Amino acid sequence: MDLGREMAKHLLEKKYGLTSRELLDAIAKRFRLQAAIEGAVSEVHMERQIQRLIGDVVESYESHDLDGQPDFSLKLPHRERPIRAETKNVRGSSAKGGSDYRLKGKAIAYKVETQKTRTSKGDPSSRFYDIEKFEILGVCLGKKTGSWSDFLFVTTKDLTPHSSYGHKLAVFQRVPLPDADTLLPWYDDLGQLIRDHYPAPK
């Protein structure tokens, strides 16, 4: 046995008795597993975006992996309460209901789905996000651009509310194309969004 290789194995290699290559091959063969992985990938890239802001507009942050919690909490130097941020992937080309908003066959905006995967019994609105659940939405454009570090950001208050439940978010939100003439109210720079919407007192 190669002791060095055995000690260098990733925790998941040890847990499942597979090599990293075998684990990746298993993911590549299973669509649903890839979908779950894509959620994790976008969160890692979102975290990188946040890390670049430490010492600038962000003092510190926490990541969360709990139901009912947003993906990240951002502590700003001048703000007592943290800003909560959620990460979503733009819809892919094979998504039911389409992945784009189109005009005369041409994509004019992307779509992001802002609802949970499950509904609680007796509450048909429980699958929809409360508008006050988080303050910032980061949308990874990787499914469209091929680069999973491409993001657009928006404040929750600038998203479309649900037509039947005013305190909830609509199921689908329009995401501008990255080369649109104007992105507002969306941003391609998380730091700039924070500066504009949560400025430090003068």
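Data for the structure
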item: 5 angstrom amide H check on Thr114, placed H, neighbours 5+ away; result: Phe172, Gln173
item: The chain - percent relative contact order, Cα under 8 Å, separation 6 or more; result: 16
item: Extension reserve of the Glu59-Ser149 stretch, reckoned as 0.36 nm per residue once the Cα distance is removed; result: 30.2 nm
item: Vicinal HN-Hα couplings computed from phi for the range 164-175 (Karplus, 6.51 cos²θ - 1.76 cosθ + 1.60; Hz; Gly/Pro x); result: 9, 10, x, 8, 10, 8, 4, 4, 10, 10, 7, 10
item: Helix-only mean residue ellipticity at 222 nm for the chain, each DSSP H run of n ≥ 4 adding -39500 (n - 2.57), per residue, nearest 500; result: -7500 deg cm²/dmol
item: log₁₀ of I(q)/I(0) at q = 0.09, 0.11, 0.13, 0.16 Å⁻¹ - the chain, Debye sum with one point per alpha carbon; result: -0.42, -0.61, -0.82, -1.14
item: Share of carbon and sulfur in the accessible heavy-atom surface of the range 30-163 [1.4 Å probe, %]; result: 46
item: Average accessible surface area per residue within the chain, 1.4 Å rolling probe, Å²; result: 63
item: Computed over the range 134-202, the ratio Rg/Rh where both radii use C-alpha atoms and Rh is Kirkwood; result: 1.00
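The values are calculated or read from the model by the stated rules, or taken from the named source; none is laboratory data. These numbers come from a predicted model, not from an experiment. In case anyone asks, the SASA skips ligands and DNA or RNA and just uses the protein heavy atoms, side chains included. Shrake-Rupley method; radii C 1.70, N 1.55, O 1.52, S 1.80 Å.
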